[in-house]
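What follows is one structure encoded as structure tokens, with my remarks underneath.
What follows draws every value from the coordinates through simple rules; no lab data is involved. Given the structure is predicted, the values throughout are model-derived calculations rather than measurements. Quick reminder, even Gly has a Cβ in these numbers, built from the backbone with ideal geometry, and neighbours come from all protein chains shown.
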There are 2 protein chains.
Amino acid sequence: MYNIIGDNMNIVDIINKKREKGTLSRDEIFYVINAYMNDTVKDYQVSALLMAICLNGMIEQEITSLTSIMIESGDTFDLSSINGIKVDKHSTGGVGDKTTLVVAPIVAACGLIVPKMSGRGLGHTGGTIDKLESISNFKVDLSNNDFLNQLKDIGVAITTSSLNTVPADKKLYALRDVTGTVSSIPLIASSIMSKKLATNADKIVLDVKVGEGALMKNIEQATLLARTMVQIGKSFGKETVALLTNMNCPLGTSIGNGLEVREAIETLKGNGDENFKELCITIASYMVSIGKGIKVETARSEVVNNLNNGKAYEKFLEMVAAQQGEINNIDISNKTVEYRALKSGYLNSIRAFELGKYIMKMGAGRETKEDIIDYGVGIILNHNCGDYVNKGESLATLYVRNEDIDTKLLDDIFIIEKNSKKLEPLIYDIIK
Amino acid sequence: MYNIIGDNMNIVDIINKKREKGTLSRDEIFYVINAYMNDTVKDYQVSALLMAICLNGMIEQEITSLTSIMIESGDTFDLSSINGIKVDKHSTGGVGDKTTLVVAPIVAACGLIVPKMSGRGLGHTGGTIDKLESISNFKVDLSNNDFLNQLKDIGVAITTSSLNTVPADKKLYALRDVTGTVSSIPLIASSIMSKKLATNADKIVLDVKVGEGALMKNIEQATLLARTMVQIGKSFGKETVALLTNMNCPLGTSIGNGLEVREAIETLKGNGDENFKELCITIASYMVSIGKGIKVETARSEVVNNLNNGKAYEKFLEMVAAQQGEINNIDISNKTVEYRALKSGYLNSIRAFELGKYIMKMGAGRETKEDIIDYGVGIILNHNCGDYVNKGESLATLYVRNEDIDTKLLDDIFIIEKNSKKLEPLIYDIIK
């Protein structure tokens, strides 16, 4: 897969260069990734370089080189046999983020192609694939042919990748995870974008989550990440738009795999949480806008129309059927426990990160890759941030396998205060 | 050797802390070193931490902790059975630096104990042990008992370490060497001082070389390193003085193992290069000054006296005899090649670093640890920096095994210019 270059290169020289704030050439980055994949450069050398990148950064040219070299480390999808404009979306991950389940069918209902590769969840956030697996028999590992055929037939498919895409990112990410080198904008941006670009859609909309439940804790960092990813997309000739959206509170009312699918269906039927619906409409509108080359306002009318006339929901049902899922058989536990307000006041905060971890520990998520998920457990929020609540009122309904669950930890997650606080906006910024 | 602590510690948290410019606690550093020695923390994690230290530094308290924890990773010498004050010296390494061979016997002749652990050379600088091995049969690996007995008998011994001192430094240094994490003042200082302190002398004089032939290329960096090492010494209750000395030009007239021993002997006999003699007298004076708690001027009189009356040279001969060396049998090649001036002018520079590498490649040094040294090859400088030289005059005599040697490379090392340049001082600063 790689040509052999860099015979006269030395990994220590390259590390020294980045340690001294130098700019790595494309050949140097190529050498590092190539030699790391071949095990001629060692993990202890790459981790030192990654730390130097974390602390000294990378300029645009280095980030573009790294992204393209990572893509070249594996296979890419060939969508050229499919007519129409292919639009992809990606979320950096939040608590209760089932947006893809709603947005993908809406956009397909608007006549665009949505070839969506998704992943499984790890840690406090869930993965779209896990959510879909709560639907009985839903096939999440489409072959390349089935994927292409489904896109041709109904315009939308959500699956894990059947190809060996971006193996360099997999190897690098595993190393970053255990060496304290995750939180680097250039590394995060190139990791996300290499995977998106390997899918080969024509246009990309990114949902960059900001807040305590997200990877990016503040607007400045999130803006920088969004700008970096948009720039990468453009340098590959793919129009890319990023939305900076609020992840200080959980998204929508449901968290947990089966429960989130049910909420997505409600939203597709025109019901459900207004905040969540608004986010889905906005993301879908940008996808349709760049996909069709029309104004966002015009795109929004189309999106709302296809939501209201039931076509988006129909598209979802078509997709579930095409992937052999039994829509009437979604795994949701039948045992529930109420979590009630300790006092009256304003529910000023639901600490999304802590809640995500709580629900992960209930069994809805994975602490390590090997953990097995219980699709049926989770939480429905009966109130969200900003509501006035009365003492004793149910704040959340926990869907459990065992009613003995300890809800004491939730006392530090649902923050009730005397005075109301100003809520942050749903969407902070749009970066094109 | 270690207690088990840090059950609740996590290496990634510690790396993250240093990446975010935090201060590591003694327990955290202890955990890292302990777990690294036990292989429960991996080299790829330690190298990421080392890079974070290179870029974000360490404060005094962290450096002291690291030094003491590294010392505790292995054995230390017990010199308590030896009466008298033990004074050690260390040079950060230069080209033609045979100072120890002269200084150690002078200081012993002044009545102090000089328990000198030395090492072998690597790269462009030589090692004292290699130099001594050019003396036929000289025993460089004294047992602990022989070392102590020799110190009791004659007050001076130069040997490799017979104990397992500072294994943590050996393991860390090997990792730093291949991960671009050598050049960090806290890491260099703790590495040097952990080894010095494991020898357990009462007082320490450090010769920090500055200039193009040295590890420290400028005064600022050298001053910082010197201050850091002096501070470490003091925090262990050992009076420590550092001299910042010039390494822009080679030291003395000889470079190469046997040749350097011969020059050291000439210096001990009161002859030889004045610059080199002055450096030896200065270093010896500081060792005697702190060793006896007397003024430097007073110490200097003693030093000069013992040099002039032949007692220092006698002490050297006693040491060679005690370590079974045959003083009349020093390996020096009998084939020579002259290197002549290409033009007339001022010899404004002899590029020490490049010359060191040239002589290493002649066979006098090691490019890798496995290389075998030729003790008999080297160079005698017939002129040193600052001299006016005439075209065709011999600048250097090369001691070779094969007269076919390519001297063309020396044209870029011996820099002859029309106008004379001001020479830098021999000693820049004294840091106490």
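Structure notes:
- Compactness of the range A:129-175, expressed as Rg and Dmax over alpha-carbon positions, Å: 13.2, 40
- Under 5 Å, built H, 5+ apart or other chain: amide partners of B:LEU243: B:LEU206, B:ASP207, B:VAL208, B:ILE431
- Amide H within-cut-off set for A:SER254, under 5 Å, with H built and near neighbours excluded: A:LEU381
- Partnerless cysteines, meaning none of the other Cys C-beta atoms lie under 4.7 Å away, in chain B: B:CYS54, B:CYS110, B:CYS280
- For chain B, built as a Gaussian network whose Cα springs stay under 10 Å, the top-fluctuating residue of B:ASP75, B:ASP39, B:ASP88: B:ASP39
- Environment charge at A:ILE85 (Cβ cut-off 15 Å; Lys +1, Arg +1, Asp -1, Glu -1): +3
- Taking the convex hull of Cα positions in the range A:87-322, its mean projected area over all directions (nm²): 11.7
- Residue-by-residue Karplus 3J(HN,Hα) for the range A:310-323, coefficients 6.51, -1.76, 1.60, Hz, glycine and proline x: x, 5, 5, 5, 4, 4, 4, 5, 4, 5, 4, 5, 4, 9
- For the range A:368-432, average projected area of the Cα convex hull in nm²: 8.0
- Lysines with Cα under 19 Å of A:LYS408, excluding same-chain neighbours fewer than 8 positions away: A:LYS335, A:LYS343, A:LYS357, A:LYS361, A:LYS391
- Measuring r between the beta carbons of B:GLU274 and B:VAL12 and using R0 = 51 Å, the FRET efficiency lands at 0.35.
- Comment: the Cα-to-Cβ extended label point of A:LYS234, at 7 Å, lies 5.5 nm from its counterparts in the other copies, nearest first.
- 3J(HN,Hα) from dihedral phi, the range B:152-159, Karplus parametrisation 6.51/-1.76/1.60, rounded to Hz, x for glycine, proline: 5, 6, 10, x, 8, 8, 10, 8
- Rg to Rh quotient for the range B:112-250, alpha carbon positions, Kirkwood Rh: 0.96
- Measuring nothing but how far apart in sequence close Cα pairs (under 8 Å, 6+ apart) lie, relative to its length, chain B scores a relative contact order of 20 percent.
- With K and R counted +1 and D and E -1, the other residues having a Cβ less than 12 Å from that of A:GLY363 yield a net charge of -2.
- Highest-MSF residue in chain A out of A:LYS238, A:LYS311, A:LYS421 [GNM, Cα springs under 10 Å]: A:LYS421
- FRET efficiency estimate (nearest 0.05) - Cβ-Cβ, B:THR368 to B:ASP75, R0 41 angstrom: 0.90
- Whole-percent pair-distance distribution, where bins are 10 Å wide, for the alpha carbons of the range A:312-378: 16, 29, 32, 20, 3
- Put simply, the amide H of A:MET216, placed in the peptide plane, has neighbours under 5 Å in A:GLY211, leaving out anything fewer than 5 places away on its chain.
- Calculated log₁₀ intensity ratio I(q)/I(0) where the Debye formula runs over C-alpha points of the range A:181-319, q = 0.11, 0.12 Å⁻¹: -0.47, -0.56
- For the range B:267-421, the Stokes-Einstein estimate of translational diffusion at 37 °C and a viscosity of 0.692 mPa s comes to 179 µm²/s, using the Kirkwood hydrodynamic radius over alpha-carbon pairs.
- Placing a label point 7 Å from Cα along the Cα-to-Cβ axis, B:GLU60 is separated from the same position in the other copies by 4.6 nm, shortest listed first.
- Long-range Cα-Cα pairs in the range A:91-133 (distance over 13 Å), rounded percent: 54
- Helix B:43-56 axis versus longest C-alpha principal axis of chain B: approximately 70°, rounded to the nearest ten.
- Summary for A:LYS421: label point 7 Å along Cα→Cβ; distances to the equivalent points in the other copies, ascending, 6.3 nm.
- Solvent-free Debye scattering, log10 I(q)/I(0), computed from the Cα coordinates of the range A:1-83 at q = 0.12, 0.13, 0.26 Å⁻¹: -0.37, -0.43, -1.43
- Pairwise FRET efficiency - B:SER301 versus A:LYS21, Cβ, R0 = 41 Å, nearest 0.05: 0.20
- Two-decimal Rg/Rh across the protein assembly as shown, once Rg and the Kirkwood Rh are taken from alpha-carbon atoms: 1.12
- Chain A - convex hull of the alpha-carbon atoms, volume per residue in Å³: 139
- In order along the range A:402-411, the phi-based Karplus estimate (6.51 cos²θ - 1.76 cosθ + 1.60, θ = phi - 60°) of 3J(HN,Hα) comes to 9, 5, 6, 4, 7, 9, 4, 4, 5, 4 Hz; Gly and Pro are listed as x.
- Here is how the number arises for chain B: DSSP H runs of 4 or more residues each give -39500 (n - 2.57), the sum is divided by the residue count, and the result at 222 nm is -13000 deg cm²/dmol.
- Percent of Cα pairs exceeding the 16 Å cut-off, where the set is the range A:285-326: 47
- Distance between the 7 Å Cα→Cβ label points at A:LEU163 and A:ASN137: 3.1 nm.
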